[in-house]
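Everything below concerns the one structure shown next.
The values are calculated or read from the model by the stated rules, or taken from the named source; none is laboratory data. Quick caveat, the model's predicted, so the values are computed rather than measured. We place every Cβ from the backbone using ideal geometry, glycine too, and count neighbours over all the protein chains shown.
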Amino acid sequence: MVIEEFSEWQNETKIAIELWTIRLKNEALKQGSNNEAIDYLNKNLTRSYQGTASEQFQSVIRSMFDEAKKMVYEEAQLQEIKHE
């Protein structure tokens, strides 16, 4: 029973991480420019590093912010270059 519950928790957490990463990217893109979006993500990422299971969790959070930054960069690459 515990293993099934743990497996369900893992799956729910994986989905939540994906959704939160997208939300982070979307919030960052509200900042005005792509550089400001990246600065926003860098500024809001906590860098504390504890150890054990919490260390791994912090690594997941760090990865979420890194993935959100990657998404911002990819979205920026899709934008048309404006010639003046």
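Some points to look at:
- Selection within segment 1-49 - polar (S, T, N, Q), surrounded by 10 or more Cβ atoms within 10 Å (Cβ to Cβ) and outside any helix (DSSP H, G or I): S33
- Qualifying residue in segment 69-79 (condition: of a type in the set (V, I, T), part of a helix (DSSP H, G or I) and at pLDDT 90 or above): yes
- Tabulated pairs, segment 57-74, first more than 19 Å from N35 (Cα to Cα) and touching a residue at least 40 places away in the same chain (Cβ under 8 Å), second assigned to a helix (DSSP H, G or I) and of a type outside the set (D, E, K, R), C-beta under 9 angstrom, 6+ apart or interchain: V60/T13; V60/I17
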